[in-house]
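Here the structure is laid out as structure tokens; the discussion comes afterwards.
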Amino acid sequence: MNTRALSTEGREGYFSWFHALTGKERRTFWSCKIGYALDAMDTQFLSFVIPTLIATWDLSKGDAGLIGTVTLLTSAAGGWIAGILSDRIGRVKTLQLTILWFAFFTVLCGFAQNFEQLLWARGLMGFGMGGEWTAGAILIGEVIRAKDRGKAVGMVQAGWALGWGVSALLYALMFSLLPPEWAWRSLFLLGILPALFVIFIRRFVDEPEVFMAVQKKASTEERISFAQIFAPGMLSITLRAVLLTTGAQGGYYAITTWLPTFLKTERHLTVLGTGGYLAMVIVGSYVGYIVSAFLTDYLGRKKNFILFATGSMCIALAYTRLPVTDNVMLFLGFPLGFCVSGVFSGMGAFLTELFPTAIRGSGQGFSYNMGRAIGSLFPLMIGLSSHSMALGEAIGVFAGTAYGVMILAALTLPETAGKKLES
């Protein structure tokens, strides 16, 4: 076998897709990636302050879980609405609106005086959080050519780990410099930063050509209704896509919402100790996003989903159930982050390819965010279950179940890798 040819092929596979992008495509790529990172930063603040809120406001774990669940439920509704808006007013405008929305209500969380006020502010923030992913995933999926779509969308998805990492660093910094009652508020107040990024998007990012072509055609013909995603030819795809996203997000939120609390209350780690363990998970997450981004084009969408879901199930159970030492748990954090985040790299590209352009926003927004709505029940159920079982055990049970559902759904859906988008 010609090793030089393999080397050249490897270089092309890993790097040439990005160098081949036009200036417009690169601006779109970076706007989606940075926007998603900022979304993650604002979203993950809650998981870090849950222990402080429990102590400060005398909340139960069920109350804390309710905040997380309400956020995810509203984000599901926001993503659904954003999908419909993306088909109506455009992908870019919807992206701008959703970023401004979640930034404003994240700041409002910092002024909450009690549990009820935080619940409302965080719930409203969720509308923008869910909407940003939908608009961004559709936008980047339509801009990138078919053979590189999985890599590009997966690399955008990796922005979540970057935002999560930034939130962890800010958490360690604020809780080291300020007393807890001020530190948690300062984190939410930093949520204003994403609003500034909208200026860049307004100036440098344009709508995808494939979307504009469909919009031009729709101006002379009857617009396709959102209800078309439930038409006989699409209903089965829509429902199976919901099962796939339910498994991915149910497992992810089961782990990430409660992981800082698990490390602090059951592993009895300090703020800096918790940060060290989370750093290992976050680094693993970023690497998982990147590796999965390439594998989703190389192996295909379905095989990649099954591979990472199986790994997520096994590692989550080991991380939360096995009586391992703290040092072993530290190193297990890398494969945990690697698998649970790698699951998502192919999701945006896959959903983009499952639905036709005219109803792509509606179909992608509904299927991803209905999965998020169902998956959002997992943090609440874990919080309630922790009254009768150990928190780590509850996390393992619900995460394992979620990934099992994802594997079953992936087996039944069609392979879409390399599919060209029609205009």
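Between Ala227 and Thr325, what length in nm is gained on full extension when 0.36 nm per residue of separation is reduced by their alpha carbon distance? Numbers along the way, then the final one.
Working: separation 98, 0.36 × 98 = 35.28 nm, distance 5.26 nm.
Result for the pair: 30.0 nm of gain on full extension.
Just to verify a number: FRET efficiency for Met389 and Met212, C-beta to C-beta distance, R0 = 56 Å, to 0.05?
Numbers: r = 53 Å, r/R0 = 0.95.
Calculated value: 0.55.
Rounded to whole Hz and in sequence order, give me ³J(HN,Hα) for segment 238-250 from the Karplus expression 6.51 cos²θ - 1.76 cosθ + 1.60, θ = phi - 60°, writing x for Gly and Pro.
Result, rounded to whole Hz: 4, 5, 5, 5, 4, 4, 4, 6, 4, x, 5, 7, x.
By a straight-distance test (C-alpha under 20 Å), which lysines pair with Lys264 as possible cross-link partners, with residues fewer than eight away in the same chain excluded?
Cross-link targets: Lys61.
Just how large is the dipole of the chain about the Cα centre, in debye to the nearest 20, putting +1 at every Lys and Arg Cβ and -1 at every Asp and Glu Cβ? Mind showing how you got there, number by number?
On the way: 32 positive and 25 negative charges, 175 e Å.
Magnitude of the dipole: close to 840 debye.
Please work out how much length the chain gains when fully extended from Lys24 to Thr310, using 0.36 nm per residue of separation minus the C-alpha to C-alpha distance, in nm with one decimal.
Numbers: separation 286, 0.36 × 286 = 102.96 nm, distance 3.73 nm.
Value of the extension gain: 99.2 nm.
For the pair Ala55/Ile199, report the inter-label distance in nm, with labels modelled 7 Å from Cα in the Cβ direction.
Spacing of the two 7 Å Cα→Cβ label points: 3.8 nm.
Leaving ligands and nucleic acids out of the surface, order Leu239, Leu73, Leu354, Leu119 by accessible area at 1.4 Å, largest first.
On the way: Leu239 95, Leu73 75, Leu354 15, Leu119 35 Å².
Ranked from most to least accessible, the order is Leu239, Leu73, Leu119, Leu354.
What are the ³J(HN,Hα) couplings of segment 196-211, residue after residue, when phi is run through the Karplus curve with 6.51, -1.76, 1.60 and θ = phi - 60°? Round to Hz, x for glycine and proline.
Along segment 196-211, the couplings run 5, 5, 4, 4, 5, 4, 4, 8, 10, 10, 10, 5, x, 5, 5, 6 Hz.
With the crude spin-label approximation of a point 7 Å out along Cα→Cβ, what separation in nm comes out for Leu411 versus Leu173?
Calculated label separation equals 4.7 nm.
How many angstrom lie between the C-alpha centres of segment 274-350 and segment 134-151?
22 Å
Considering the dipole of segment 74-157 built from charges on the beta carbon (Lys and Arg +1, Asp and Glu -1) around the Cα centre, which of Met129, Ala146, Ile81 is farthest to its positive end?
Value computed over the given set: Ala146.
Tilt of helix 360-375 relative to the longest C-alpha principal axis of the chain, in degrees (0 to 90, nearest 10)?
20 degrees
Take Leu239 and Ala318, extend 7 Å from each Cα along the Cα→Cβ direction, and tell me the distance between the two endpoints in nm.
Using points 7 Å along Cα→Cβ, the separation is 3.7 nm.
Could you give the length gained on full extension between Glu181 and Lys419, defined as 0.36 nm per residue of separation minus the Cα-Cα distance, in nm? Present the calculation step by step, with values, prior to reporting the outcome.
Details: separation 238, 0.36 × 238 = 85.68 nm, distance 5.16 nm.
Once the chain is fully extended between Glu181 and Lys419, it gains 80.5 nm.
Using Cα pairs under 8 angstrom and six or more residues apart, how large is the relative contact order of the chain, in percent? Mind showing how you got there, number by number?
On the way: 779 pairs, mean separation 115.8, N = 423.
So the answer I get is 27 percent.
Quick check: the angle from helix 159-177's long axis to the longest principal axis of the chain, C-alpha only, nearest 10 degrees?
30 degrees
Please list Ile201, Ile54 in order of solvent-accessible area, largest first, computed with a 1.4 Å probe with all protein chains present.
Details: Ile201 0, Ile54 40 Å².
Most to least solvent-accessible, the answer reads Ile54, Ile201.
Rounded to the nearest 10 degrees, what's the angle between the helix 301-321 long axis and the longest principal axis of the chain, both from Cα atoms, 0 to 90?
Value to nearest ten degrees: 0.
For Phe175, Phe262, give me the order by solvent-accessible area with a 1.4 Å probe, most accessible first, ignoring ligands, DNA and RNA.
On the way: Phe175 30, Phe262 5 Å².
Accessible-area ranking of Phe175, Phe262, largest first: Phe175, Phe262.
Could you tell me which of Ala213, Gly159, Gly396 has its Cα farthest along the dipole of the chain towards the positive end, charges placed at Cβ (Lys, Arg +1; Asp, Glu -1), taken about the Cα centre?
It is Ala213.
The values are calculated or read from the model by the stated rules, or taken from the named source; none is laboratory data. Quantities reported herein were computed from a predicted structural model and do not represent experimental measurements. In this analysis, Cβ positions are derived from the backbone assuming ideal geometry, glycine residues included, and neighbour counts consider all displayed protein chains. Remember, those area values only see protein heavy atoms, side chains included, never the ligands or the DNA or RNA. Shrake-Rupley method; radii C 1.70, N 1.55, O 1.52, S 1.80 Å.
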